[in-house]
Structures are given as structure tokens and as C-alpha cells.
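What follows is a short report on a single structure.
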Amino acid sequence: MFKKLLIANRGEISRRINTVAKGMGISTVAVYSDADAELPFVREADQAVRLGPAPAKDSYLNIPAILEAAKSTGADAVHPGYGFVSENAEFASACKAAGITFVGPPPEAMLRMKDKSQARKLVSAAGVPVVPGTEDVLPDANAALAAAESIGYPVLCKAAGGGGGIGMAAANNPAELEKVFRQCTDRAKAAFGREGVYIERYFPAPRHIEVQILGDHHGHLIHCLERECSIQRRHQKVVEEAPSPLFADGRNAELSQKLFTAAIAAARAFGYANAGTVEFLYSDGGIYFIEMNARLQVEHPVTELTTGLDLIGWQLRIAAGEKLTVKQEDVKRRGAALEFRIYAEDPVKFFPSPGPLKVYQPPTGEGVRLDSGYAEGNTVTPNYDPMIAKLIVSGATRAEAIERSIQALKGFRIEGIKTNIPLHLRILQDPVFRAGDLNTRFLEHHAKP
Amino acid sequence: MADVAAHITGTVWKIEVKVGQKVSSGDTLVILESMKMEMPVEATEDGTVKEIRCKESQPVNEGDVLVVLG
């Protein structure tokens with residue numbers, strides 16, 4: 001096992017990794033930017049090294065500074081957490097070259113997963129269902145119309161090189177497609193300097209369901225069941241849960257088996273090892289691969305609380321070359337868990353709300369876990385994403401977890417900044433949410449003040 | 001006359017107008033960046049840009065006047 005672990009991240013996930021590592025007898029090194037010097041994760045680690053000024057490019061994305069911190073402290077492994085350098089194959093390779101173990105998948109697997117169209121071809125060849133669409137860019141509107149006939153309407157036009165919703169538009173019929181195709185082609189040229197446009201089947205209100213994967217470097221690969229993350233705003237997850245209400249109480253057992261088989265097949269196709277997540281869309285009885293994430297997910301605690309697995313602990317053991325001793329048949333679910341991302345933002349308009357945490361009193365209670373990056377008296381700065389903590393609540397059933405969550409959220413006292421706690425309470429009171437009838441457009445129509 | 005203020009604390013990412021430019025209510029004057037989000041600051045009324053009181057990449061607080069319209 002490693003002797004010293006450098007944690008190349010900040011906030012709640014740095015703290016969480018620190019706690020797990022220390023529990024395994026590994027000493028820890030935190031790294032931090034000038035904006036974060038006062039935060040708990042810096043003082044709780046055994047050592048702390050300043051990376052640079054507040055902007056992420058000068059600190060948490062500054063690969064030379066991170067490597068230098070690892071070398072100067074004698075760390076023999078680096079855990080990247082999520083975000084920042086976690087999916088950076090170049091960083092993983094640089095660690096390897098410096099003789100430091102990168103806690104994550106092999107860099108080659110990361111490269112295979114990075115290009116979405118390549119990843120799609122690879123998993124499709126392995127028998128994983130993908131969103132029906134064109135493999136290559138379309139030369140003209142006529143080709144798009146012909147492709148749409150075989151895919152079926154509505155379709156989504158996507159600019160090659162686009163991302164995050166930029167250069168995407170849906171069409172419900174051939175007339176709309178002609179118009180949208182022209183717009184997308186123009187936008188692709190203007191924004192990305194490339195003319196190419198793809199089309200694929202558009203799902204107006206899908207569910208987002210993902211499968212946790214664990215694999216070692218000795219060929220053993222298992223899934224750790226699914227999570228549902230359909231409650232999103234601006235394509236960012238807000239509430240996650242396990243199990244998906246779609247599969248609760250043994251419902252849709254055949255579909256869930258298909259989902260797990262597809263997730264394992266995708267992970268094998270990428271040559272994956274360590275912890276990863278295969279993301280799918282669900283719509284009208286079908287599941288469709290979207291992408292695989294080469295890292296620990298933000299929402300991994302709902303899996304931990306319902307399976308009893310320590311995912312970060314396994315990440316470290318697997319990275320150290322140990323065998324994954326958990327067998328597939330040992331992975332069993334107990335109860336249900338919900339995770340609420342506590343964002344420093346306006347609960348109605350979703351505007352960012354940085355500022356001082358004048359009061360910060362987290363709740364306690366049966367089944368309540370808090371992964372928090374901050375303490376009372378800290379300041380939430382505008383430099384990084386708005387997530388200040390994750391509240392994770394478990395219960396014997398989803399209904400019990402929901403009631404416990406309402407109590408916990410009501411008891412979470414934060415003053416000095418706005419948070420989305422009122423939004424979470426509205427979601428939990430919403431009859432459609434309580435019925436488990438979720439989709440990624442939920443927040444556009446429900447849980448309004 | 002209208003003082004257009006920052007509605008969030010963050011950094012000035014882009015200034016979209018010049019002094020003397022005519023703007024309509026709802027036009028984007030400045031784009032702020034905060035917590036990995038870009039937030040446009042829009043003209044509150046029709047008018048002309050009289051003064052720009054911020055620079056790109058300058059940190060600003062909620063309530064700071066960014067642009068004066070006349």
C-alpha cells in the first residue's frame with residue numbers, strides 16, 4: 001500500500017479522500033490555491049502545499065505545480081478526485097513518468113473514452129446499445145433528411161466539435177430539420193471552425209441512469225448497481241439516488257440486467273480499471289449509452305450507503321495493485337439513499353451566491369451523512385463551482401429516506417449566502433418526485449416556488 | 001440616467017459595449033463570471049452608454065456599478 005498520498009483536489013472530496021486514506025494508515029498531502037488556504041481540507045491533511053493563485057489554471061489545473069508538490073513531499077500516489085485533472089490522460093501519464101501512481105484508470109483507457117464519437121463506435125461494436133444516430137458528419141441537408149427517416153423523429157442536430165448544449169437543436173419533422181440543419185452548420189463553422197453536423201434520435205424527457213463500475217488490474221470487473229440522476233438544472237445534477245425508482249422493489253428486472261450487462265461490456269471495451277461510471281439515457285423502455293466517466297463521481301456516496309462498499313478505499317487498493325476481492329454476487333443493495341448537492345446559489349433563478357458562511361450548522365440524524373467542504377466562518381469564493389457540500393440520507397425505503405431528508409434539510413442552518421436548500425425541499429414535497437416519475441426536464445416543470 | 005450594477009459577486013469576463021454606444025433595454029452590457037458560470041448583465045432601460053466603471057478580469061461585488069446609461 002502507498003505510504004503518502006497527494007490529494008489533487010479541493011473542498012469536500014479532498015476531505016473525504018483524506019479521511020479514507022488516513023483510516024488505511026496512509027499519510028496525506030493536501031494542495032490548495034490562495035483562495036482556499038483557510039478551508040478545513042487544508043489543515044486536516046498531514047501536510048499541505050500551496051499550488052498558486054486562485055484561478056484554477058494557476059492552481060488545481062497546474063500540472064507542473066501538482067507534480068512538484070508530489071515530488072517535494074515524497075508522495076508515492078496522487079488521487080485526483082473528480083473534475084480538475086481527474087480525467088486528464090496527460091496528467092496520468094506525467095505521474096507515471098515521475099514514478100508516482102495515479103489513482104484512476106490506465107491513461108490508454110482514458111484516451112479511448114475521451115472522444116465521444118470514437119467511444120460510441122467502440123462500445124457499439126461490443127454490443128452496447130447507443131442512441132441511434134449517424135456515425136459520421138453529414139454532407140448536406142438531403143443526407144440529413146434521409147438519415148432522419150431511418151432514425152425516426154424527433155432528431156437532434158449536433159455540431160461536430162460542440163459540447164455542453166452549444167450548437168445543438170431538435171427537429172420534429174423534415175421541414176424543421178432542413179431549417180435546423182442549416183443553422184447548426186452555420187453555427188458549427190462560426191463557433192468551432194468545423195462545418196460537420198451529426199444527427200441522432202432526440203429524447204425529449206429521458207431519465208439519466210448510471211452504473212458504478214469497479215475493476216482491478218488483474219482482469220476482475222464488477223458493477224455496483226445503478227444510480228439515478230435525472231434531477232438536473234443546466235445539465236448539472238442536483239439530486240441523485242439509489243436505487244433508481246424505475247428498478248425499486250425488483251421492478252423491470254430484465255431491463256436492469258440489460259443495463260448492468262451493457263455497463264460491464266462498455267467498461268471492458270475501454271480496457272477499464274479502478275472506479276468508473278457508465279452513463280445511460282432511459283426512454284420508453286430502452287437504455288442508451290451516453291458516455292463513460294473515468295473517475296469517481298460526485299454522487300458515489302449513494303452507492304456506498306446502499307451497498308456498504310467503500311469506493312475510495314477500493315480505488316486506493318486497486319491502484320496499489322491489490323486484487324478486488326468483492327465478487328459480483330456479493331454486491332447487494334440495502335435500502336435507499338438520496339444525495340442533495342448543496343449549492344451556493346439562488347434557489348429560484350440559480351444565480352451564483354458566493355459570500356461568507358456567517359452561520360453554518362449542518363444537521364445530524366438517523367441515516368444522515370454530510371460531505372462538506374466548508375465550516376462556519378469560511379468564505380465561499382466565486383473561483384470554483386458552487387457546490388459547498390453534499391447531504392446524503394439513507395433509509396430502509398425511498399419513502400423513509402425522503403422523510404429523513406426533509407427533516408435534515410430543514411435543520412441545515414446556513415446564513416450569509418443563498419443556497420438551494422429551499423429548492424431541495426420543494427423537490428421532496430413534489431408528488432411527481434415522490435412517485436419516482438423522474439426525467440431530466442423535471443425542474444423545468446416541477447418544484448416551482 | 002441609470003446605474004447598472006452587478007447582480008452577483010464575481011469577475012468581469014467581457015465588456016460587450018463601448019462608451020457612446022446606443023443600447024436597448026435587455027441588451028447585454030457586461031458578462032460576469034462566477035462559480036464557473038457566465039452571467040450577462042443587461043441594460044435596464046434604453047439609452048446611451050455614458051460611462052464604463054469596470055475592466056475585464058476585475059473582481060466585482062454584488063451591487064457595484066458597472067455601467068452608467070444616460
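So for segment A:334-341 (the condition being crowded, with 19+ Cβ neighbours inside 10 Å, within 14 Å of chain B (Cβ to nearest Cβ) and of a type outside the set (V, I, T)), does at least one residue qualify? So that I can check it myself, show each step before the final result.
Initially, segment A:334-341 is screened for residues crowded, with 19+ Cβ neighbours inside 10 Å, giving A:336-341.
Those left that are additionally within 14 Å of chain B (Cβ to nearest Cβ): A:341.
Imposing the further condition that a residue be of a type outside the set (V, I, T) reduces the set to A:341.
Yes, segment A:334-341 contains a residue that is crowded, with 19+ Cβ neighbours inside 10 Å, within 14 Å of chain B (Cβ to nearest Cβ) and of a type outside the set (V, I, T).
Return the only residue of A:V20, A:V42 being surrounded by fewer than 23 Cβ atoms within 10 Å (Cβ to Cβ), farther than 25 Å from B:S34 by Cβ and modelled with pLDDT of 95 or more.
A:V20
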Seminar exercise, completed: Per the filter on segment A:23-61, residues of a type outside the set (A, V, I, L, M), more than 22 Å from the chain's Cα centre (by Cα) and closer than 18 Å to A:F102 by Cα are A:S27, A:T28
Problem set entry | Given (1) among the small types (G, A, S); (2) touching a helix residue (DSSP H, G or I) at 6+ places or on another chain (Cβ under 8 Å); (3) closer than 13 Å to A:V128 by Cβ, index of the condition A:S230 fails | (3)
Exercise. Can you tell me which residues in segment A:389-429 are assigned to a loop (DSSP other than H, G, I, E, B) and in contact with a helix residue (DSSP H, G or I) (Cβ under 9 Å, 6 or more places away or on another chain)?
Worked result: A:T397, A:F412
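Go through segment A:313-325 and count every residue that is touching a Leu at 6+ places or on another chain (Cβ under 7 Å) and surrounded by fewer than 23 Cβ atoms within 10 Å (Cβ to Cβ). Steps first, please.
The initial filter retains those residues of segment A:313-325 that are touching a Leu at 6+ places or on another chain (Cβ under 7 Å), namely A:314-315, A:318, A:324.
Filter once more, keeping what is surrounded by fewer than 23 Cβ atoms within 10 Å (Cβ to Cβ): A:314-315, A:324.
The total comes to 3.
Going through B:E62, B:E33, B:E38 one at a time, which residue ends up being within 11 Å of chain A (Cβ to nearest Cβ), at pLDDT below 95 and assigned to a loop (DSSP other than H, G, I, E, B)?
Numbers: B:E33 fails: assigned to a loop (DSSP other than H, G, I, E, B); B:E38 fails: assigned to a loop (DSSP other than H, G, I, E, B).
Unique residue meeting the criteria: B:E62.
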Exercise. What single numbered condition from (1) crowded, with 21+ Cβ neighbours inside 10 Å; (2) within 14 Å of chain B (Cβ to nearest Cβ); (3) in contact (Cβ under 8 Å) with a residue 40 or more places away in the chain; (4) not polar (S, T, N, Q) fails to hold for A:P356?
Worked result: (1)
For this session: Identify, from the list A:R207, A:R268, the residue that is closer than 25 Å to A:E444 by Cα and surrounded by fewer than 24 Cβ atoms within 10 Å (Cβ to Cβ).
Result: A:R207
For this session: Consider B:V19 carefully, then state whether it is among the hydrophobic types (A, V, I, L, M, F, W, C), assigned to a strand (DSSP E or B) and free of Cβ contacts under 8 Å to residues at least 40 places away in the same chain.
Result: no
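Rundown of residues vs (1) touching a residue at least 12 places away in the same chain (Cβ under 8 Å); (2) touching a Lys or Arg at 6+ places or on another chain (Cβ under 8 Å); (3) among the small types (G, A, S); (4) surrounded by fewer than 22 Cβ atoms within 10 Å (Cβ to Cβ), yes/no style:
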site: A:S244; (1), (2), (3), (4): yes, yes, yes, no
site: A:D249; (1), (2), (3), (4): no, no, no, yes
site: A:Q257; (1), (2), (3), (4): no, no, no, yes
site: A:A262; (1), (2), (3), (4): yes, no, yes, no
site: A:G286; (1), (2), (3), (4): yes, no, yes, yes
site: A:L305; (1), (2), (3), (4): yes, yes, no, no
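Within segment B:1-14, how many residues are away from every other protein chain (no Cβ under 13 Å) and surrounded by 19 or more Cβ atoms within 10 Å (Cβ to Cβ)?
Here the count works out to 1.
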Exercise. Conditions: (1) assigned to a helix (DSSP H, G or I); (2) touching a residue at least 24 places away in the same chain (Cβ under 8 Å). A:P105 meets all but one. Number of the miss?
Worked result: (1)
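One line per residue, one yes/no per condition, for (1) at pLDDT 95 or above; (2) over 16 Å from the mean Cα position of the chain (by Cα):
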position: A:L296; (1), (2): yes, no
position: A:E299; (1), (2): yes, no
position: A:L305; (1), (2): yes, yes
position: A:E329; (1), (2): yes, yes
position: A:L338; (1), (2): yes, no
position: A:I342; (1), (2): yes, no
position: A:P347; (1), (2): no, yes
position: A:P363; (1), (2): yes, yes
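Restricting to segment A:80-114, what's the tally of residues that are within 16 Å of the chain's Cα centre (by Cα) and under 17 Å from A:L51 (Cβ atoms)?
Applying the first criterion (within 16 Å of the chain's Cα centre (by Cα)) to segment A:80-114 yields A:80-88, A:104-105, A:110, A:113-114.
Applying the additional criterion that residues be under 17 Å from A:L51 (Cβ atoms) yields A:80-81, A:83-86, A:88.
So the count comes out to 7.
Here is a check on your reading of the model: is A:S117 buried (at least 18 other Cβ atoms within 10 Å of the Cβ), among the polar types (S, T, N, Q) and outside any strand (DSSP E or B)? Reasoning before the result, please.
Numbers: buried (at least 18 other Cβ atoms within 10 Å of the Cβ): no; among the polar types (S, T, N, Q): yes; outside any strand (DSSP E or B): yes.
It is false that A:S117 is buried (at least 18 other Cβ atoms within 10 Å of the Cβ), among the polar types (S, T, N, Q) and outside any strand (DSSP E or B).
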For this session: Give segment A:371-408 a look and list any residue that's buried (at least 16 other Cβ atoms within 10 Å of the Cβ), more than 19 Å from A:N9 (Cα to Cα) and small (G, A, S), or say none.
Result: A:S394, A:G395, A:A401, A:S405, A:A408
For this session: Could you look through segment A:282-313, keep only residues that are part of a loop (DSSP other than H, G, I, E, B) and touching a Pro at 6+ places or on another chain (Cβ under 8 Å), and pick out the one that is nearest to A:G127 (Cα to Cα)?
Result: A:A294
Exercise. Of the numbered conditions (1) loosely packed, with under 15 Cβ neighbours inside 10 Å; (2) touching a residue at least 12 places away in the same chain (Cβ under 8 Å), A:N142 satisfies every one except a single condition; which is it?
Worked result: (2)
For this session: Working carefully through the options A:I406, A:I388, A:I392, A:I402, find the one that is within 14 Å of chain B (Cβ to nearest Cβ), within 18 Å of A:V302 (Cα to Cα) and touching a residue at least 12 places away in the same chain (Cβ under 8 Å).
Result: A:I388
Seminar exercise, completed: Taking segment A:377-420 and keeping residues under 26 Å from B:L32 (Cβ atoms), of a type in the set (D, E, K, R) and out of contact with any strand residue (DSSP E or B) (no Cβ under 7 Å at 6 or more places or on another chain) leaves A:D385
Problem set entry | Pick from segment B:41-59, criterion closer than 30 Å to A:I388 by Cβ and part of a loop (DSSP other than H, G, I, E, B), ranking: farthest from the other protein chains (Cβ to nearest Cβ) | B:K55
Problem set entry | Residue list for segment A:345-381, restricted to those being under 20 Å from A:Q297 (Cα atoms) and not in a strand (DSSP E or B) | A:G373, A:Y374
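The values are calculated or read from the model by the stated rules, or taken from the named source; none is laboratory data. Worth saying up front: this structure is predicted, and the values here are computed from it rather than measured. Counting neighbours? That spans all protein chains shown, and the Cβs are built from the backbone with ideal geometry, glycine included.
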